[in-house]
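Chemist: Structure incoming, see below.
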Amino acid sequence: MKTNRTESTATDVAENLLALATELRASDLHLEPIRGGTAVRVRVDGLLRQIRVLPRELGERVTARLKALAGMDLTDRRTPQDGRFSREQTDVRVSTLPTLRGEALTARLLNGDARPHGAEALGFFGDALALHDRMLRLGNGLVLIAGPSGSGKSTTLYEMLSTLSGESRSVVTLEDPVEYAMDGVSQVPVNGLAGVRFADGMRAVLRQDPDVVAVGEVRDAESARAVHRAAITGRPVFATVHARNAVTLPGRMNDLAVSPGMLAESLRGLVVQRLVRRTCTACGGNGCDDCGGSGLRGRIGAFGCALLADGERFSLSRLREADEMLADSCRALAAQGITTEEEADRVRRSV
């Protein structure tokens with residue numbers, strides 16, 4: 001009976017933590033073994049904060065419950081694992097990692113209905129919006145969406161693909177993993193290709209006669225080269241890549257085995273971005289229960305863009321223009337009262 005009560009408690013705690021994370025608009029839920037217990041933290045608007053410390057045994061059982069929901073191997077605590085499950089409108093992507101004090105778990109909460117829809121809702125305006133719209137009309141070449149982890153790149157990619165999809169276009173993606181299911185888009189999970197290499201998966205995608213190809217993330221040499229080759233076959237290719245800013249992009253792609261010459265051959269459009277915390281509308285930035293006293297609640301994108309004409313190649317000055325547009329976007333958000341000067345400066349310094 002004691003075991004059953006404990007398991008029931010662990011199930012209840014797991015469900016309550018997921019519900020609380022959703023209520024707080026958290027993007028991630030962390031369970032981290034610490035001395036004497038398990039710390040529970042949530043990431044809200046890009047920042048982590050601790051909400052509970054569970055007793056060690058209960059923390060381990062809650063971790064096991066979330067692993068079970070995600071279809072993971074409960075007997076294996078020494079190997080990193082990945083899984084996922086759904087809760088109402090939220091897709092929960094779970095990963096575990098063995099640490100010195102035990103198994104750490106992170107659950108990413110992906111609510112498709114909560115995503116902004118449309119470029120302006122994301123934060124595009126002015127020159128960045130005009131260049132964004134022109135990128136969607138490209139007939140060929142590579143469009144890269146660049147930024148650090150957690151800067152909203154995937155959301156921008158999905159917004160672009162949503163606009164591009166329709167009865168008159170075939171849009172096919174290669175993703176690892178698929179974050180959001182989209183109507184009108186053929187989404188291929190790379191980890192579901194039964195041992196097929198990324199390059200072979202891309203060749204299979206191209207044989208489907210797509211009008212638009214997208215890659216969830218360029219993360220290694222194989223995916224980088226496959227994206228480059230697809231982009232020079234005469235169709236538009238959209239992809240995200242981890243890069244601090246525009247001027248470091250050539251070096252980042254070179255590290256991924258796409259030389260500056262190759263990149264110049266395929267790259268047509270570039271988006272660099274950050275997420276900026278919004279001024280809380282409930283208190284006007286003074287601090288309240290809705291924003292946890294921070295004066296900031298929710299986030300909006302800040303963007304810099306560059307687009308090339310046929311035959312034109314990216315130069316360092318053009319890359320700098322994209323970074324400068326991103327910095328100007330942060331200043332404009334502060335000038336409009338959408339964010340604070342301090343938050344705008346914090347984000348600009350990261351570019």
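Chemist: Return the unpartnered cysteines for the chain, using a Cβ-Cβ cut-off of under 4.7 Å.
Modeler: Cysteines of the chain left without a disulfide-compatible partner: C305, C330.
Chemist: Continuing with the same structure: Kindly work out what percent of the DSSP beta bridges joining two residues of the chain are antiparallel, to the nearest 5. Before the final figure, lay out each step's value.
Modeler: Numbers: 47 of 71 bridges.
Antiparallel: roughly 65 percent of the beta bridges in the chain.
Chemist: I would also like to ask the following. With r as the distance between the Cβ atoms of D211 and A309 and R0 = 22 Å, compute the FRET efficiency 1/(1 + (r/R0)^6) and round to 0.05.
Modeler: Working: r = 21 Å, r/R0 = 0.97.
E between A309 and D211, to the nearest 0.05, is 0.55.
Chemist: What is the distance in Å between the Cα centres of segment 286-351 and segment 103-155?
Modeler: Result: 13 Å between the Cα centres.
Chemist: Among 234-241, 164-171, 270-277, what's the highest-first ranking by average C-beta atoms within 10 angstrom per residue? Before the final figure, lay out each step's value.
Modeler: Values: 234-241: 22.2, 164-171: 13.8, 270-277: 26.9.
Highest to lowest by the protection proxy: 270-277, 234-241, 164-171.
Chemist: First measure r as the distance between the Cβ atoms of H242 and T11, then evaluate 1/(1 + (r/R0)^6) with R0 = 41 Å and state the FRET efficiency to the nearest 0.05. Intermediate values should be presented prior to the final figure.
Modeler: Working: r = 36 Å, r/R0 = 0.89.
Between H242 and T11 the formula returns 0.65.
Chemist: Related question: Under the rule of -39500 (n - 2.57) per DSSP H run of 4 or more residues, summed and divided by the residues of the chain, what mean residue ellipticity at 222 nm is obtained, to the nearest 500 deg cm²/dmol?
Modeler: One gets -11000 deg cm²/dmol as the mean residue ellipticity at 222 nm.
Chemist: Rounded to two decimal places and with Rh computed the Kirkwood way over Cα pairs, what is Rg over Rh for the chain?
Modeler: 0.99
Chemist: I want to verify a result. In a Gaussian network model of the chain, Cα cutoff 10 Å, which of these has the top mean-square fluctuation: G293, G147, G201?
Modeler: Highest fluctuation among the options: G293.
Chemist: Per q in 0.08, 0.13, 0.17, 0.20 Å⁻¹, report the Debye log10 I(q)/I(0) for segment 196-351, using one uniform scatterer on each alpha carbon and no solvent.
Modeler: At q = 0.08, 0.13, 0.17, 0.20 Å⁻¹ the computed log10 ratios are -0.32, -0.70, -0.95, -1.14.
Chemist: Next question. Pull up all non-local amide H partners of R84: gap of 5 or more, or a different chain, and H-to-H distance under 5 Å with H placed in the peptide plane.
Modeler: V94
Chemist: Kindly write out, for segment 14-31 in residue order, the coupling ³J(HN,Hα) from the Karplus curve 6.51 cos²θ - 1.76 cosθ + 1.60 (θ = phi - 60°), rounded to whole Hz, with x marking Gly and Pro.
Modeler: 4, 5, 5, 5, 5, 5, 5, 4, 5, 4, 7, 6, 6, 8, 8, 10, 10, 10
Chemist: Can you list the HN-Hα couplings for segment 127-138, worked out from phi with the Karplus curve (6.51, -1.76, 1.60; θ = phi - 60°), rounded to whole Hz and with x for Gly and Pro?
Modeler: 4, 4, 5, 4, 5, 4, 5, 5, 4, 5, 9, 5
Chemist: Mind ranking 282-290, 215-223 by how tightly packed they are, going by the mean number of other C-beta atoms within 10 angstrom, highest first?
Modeler: Going from most to least packed, we get 215-223, 282-290.
Chemist: Then there's this: Could you list which residues have their amide H under 5 Å from that of T340, counting only those 5 or more apart in sequence or on another chain, with H placed in the peptide plane?
Modeler: T279
Chemist: Test of understanding: extend the Cα→C-beta vector of D127 to 7 Å, then name every residue of segment 317-351 with backbone N under 12 Å from that spot.
Modeler: Only 318-329 fall inside the zone, counting backbone N under 12 Å.
Chemist: Quick one: which of 45-52, 57-64 comes out on top by average Cβ neighbours within 10 Å, and what's the full order, highest first?
Modeler: Peptide ranking by packing, descending: 57-64, 45-52.
Chemist: Right, next: In whole percent, what relative contact order does the chain give with Cα contacts below 8 Å and a gap of six or more residues?
Modeler: Relative contact order here is 13 percent.
Chemist: What are the residues whose amide H is under 5 Å from the amide H of G287, where those residues sit 5 or more places off or on another chain and H is modelled from the backbone?
Modeler: G295
Chemist: What FRET efficiency do you get for R169 and A257 if R0 is 25 Å and r is their Cβ-Cβ distance, rounded to the nearest 0.05?
Modeler: It comes to 0.25.
Chemist: For the pair D200/R56, report the inter-label distance in nm, with labels modelled 7 Å from Cα in the Cβ direction.
Modeler: With each label point 7 Å from Cα toward Cβ, the separation is 4.6 nm.
Chemist: Note down the relative contact order for segment 123-265 as a percent, whole number, built from C-alpha pairs under 8 angstrom at least six residues apart.
Modeler: On the way: 217 pairs, mean separation 42.4, N = 143.
Relative CO of segment 123-265 lands at 30 percent.
Chemist: Taking K and R as +1 and D and E as -1, what net charge do the other residues with C-beta under 9 Å from the C-beta of D28 add up to?
Modeler: Net charge around D28: +3.
Chemist: How many percent of the alpha carbon pairs in segment 2-111 exceed a separation of 25 Å?
Modeler: 12 percent
Chemist: Using θ = phi - 60° and the Karplus form 6.51 cos²θ - 1.76 cosθ + 1.60, what ³J(HN,Hα) does each residue of segment 330-346 get, whole Hz, x for Gly and Pro?
Modeler: Working through the residues one at a time gives 4, 4, 5, 5, 5, 4, 7, x, 6, 9, 9, 4, 5, 5, 4, 5, 4 Hz.
Coordinate-derived values only; no laboratory data. Model, not experiment: these values are computed from the prediction. Heads up, the Cβs are rebuilt from the backbone with ideal geometry, glycines too, and the neighbour counts pull from every protein chain shown.
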